[in-house]
Amino acid sequence: MLLLQLIIEFFKTGLFAIGGGLATIPFLYEMSYKYNWFSIETLTTMIAISESTPGAMGVNMATYVGTHLVGILGGIVTTLSLVAPSVIVICIIAKMLTKFKESKLVQALFYGLRPAVVALIAVACSSIFITTFFKDGFTLSFGGIEWMHVVVFAVLFGIYQLKKPHPILVIVATGLIGILLQL
């Protein structure tokens with residue numbers, strides 16, 4: 001039953017998470033609340049790992065969740081479930097787009113999807129921001145702020161703006177800082 005739920009949820013995610021890996025995050029938040037398959041803290045860890053490993057973030061997260069909950073079979077099935085809608089839609093669109101690529105309706109449809117994608121990504125980023133910088137969700141008290149996280153972010157952001165280090169160096173440095181400070 002769990003495997004079937006994973007297939008359905010990740011198929012829906014793959015079907016409606018238009019815009020790439022970050023667009024899958026709201027769906028994963030919903031899964032967290034609806035099924036309690038993982039905590040929000042685990043989700044933020046999954047995001048960090050998925051962003052710092054090769055491959056598409058959504059695929060990495062689907063693989064992680066499936067493997068975490070069911071094992072290797074779960075990882076394979078959730079990954080295929082996430083990717084299947086894209087493959088199906090791309091095949092359909094490829095056939096139709098050559099016929100309708102000059103259509104004003106098709107162009108308007110893609111133009112209209114842009115704000116929805118931006119909104120999904122903005123919600124995901126704000127959720128990550130709140131989880132990272134506030135102890136128990138967003139509170140207006142200064143006691144609820146994770147000051148060490150804020151300081152580390154500000155220092156690394158400043159360094160990145162001044163020096164523009166290679167992304168691999170940034171990933172390694174932040175991983176080491178996390179280990180050293182046990183953030």
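For this structure, a couple of remarks:
- Residues that are surrounded by 10 or more Cβ atoms within 10 Å (Cβ to Cβ), small (Gly, Ala, Ser) and under 24 Å from residue 20 (Cβ atoms) within segment 98-115 comprise just one, 108.
- Here 53, 67 are screened, and the one residue that is among the polar types (S, T, N, Q), without any contact (Cβ under 8 Å) to a residue 24 or more places away in the chain, surrounded by 15 or more Cβ atoms within 10 Å (Cβ to Cβ) and farther than 15 Å from residue 128 by Cβ is 67.
- Output for segment 18-34, where each listed residue is more than 10 Å from the chain's Cα centre (by Cα) and touching a residue at least 24 places away in the same chain (Cβ under 8 Å): 18, 19, 31
- Test: residue in segment 81-97 that is without any contact (Cβ under 8 Å) to a residue 12 or more places away in the chain, surrounded by 11 or more Cβ atoms within 10 Å (Cβ to Cβ) and more than 24 Å from residue 57 (Cβ to Cβ): yes
- Count of segment 161-183 residues which are of a type in the set (D, E, K, R) and in contact with a helix residue (DSSP H, G or I) (Cβ under 6 Å, 6 or more places away or on another chain): 0
- Given (1) of a type in the set (Gly, Ala, Ser); (2) surrounded by 13 or more Cβ atoms within 10 Å (Cβ to Cβ); (3) closer than 24 Å to residue 175 by Cβ; (4) without any contact (Cβ under 8 Å) to a residue 24 or more places away in the chain, index of the condition residue 39 fails: (2)
- Just so you know, in segment 52-77 the residues that are of a type in the set (Gly, Ala, Ser) and out of contact with any helix residue (DSSP H, G or I) (no Cβ under 7 Å at 6 or more places or on another chain) include one that is modelled with the lowest pLDDT, and it is 55.
- Residue that is surrounded by the fewest Cβ atoms within 10 Å (Cβ to Cβ) [pool: residues in segment 1-36 that are on the phi > 0 side of the Ramachandran plot and at pLDDT below 85]: 20
- Filter result for residue 89 (over 18 Å from the mean Cα position of the chain (by Cα) and under 30 Å from residue 1 (Cβ atoms)): yes
- Breaking point among (1) at pLDDT 85 or above; (2) within 27 Å of residue 13 (Cα to Cα), for residue 157: (2)
- Tally of residues being of a type in the set (A, V, I, L, M) and within 16 Å of residue 151 (Cβ to Cβ) across segment 166-175: 1
- Of the set (1) of a type outside the set (D, E, K, R); (2) at pLDDT below 80; (3) surrounded by 14 or more Cβ atoms within 10 Å (Cβ to Cβ); (4) more than 20 Å from the chain's Cα centre (by Cα), all apply to residue 140 but (3).
The values are calculated or read from the model by the stated rules, or taken from the named source; none is laboratory data. The structure presented is a predicted model; accordingly, all values stated were derived computationally and were not measured. Here the Cβ is made from the backbone with ideal geometry for all residues, glycine too, and neighbour counts use every protein chain on show.
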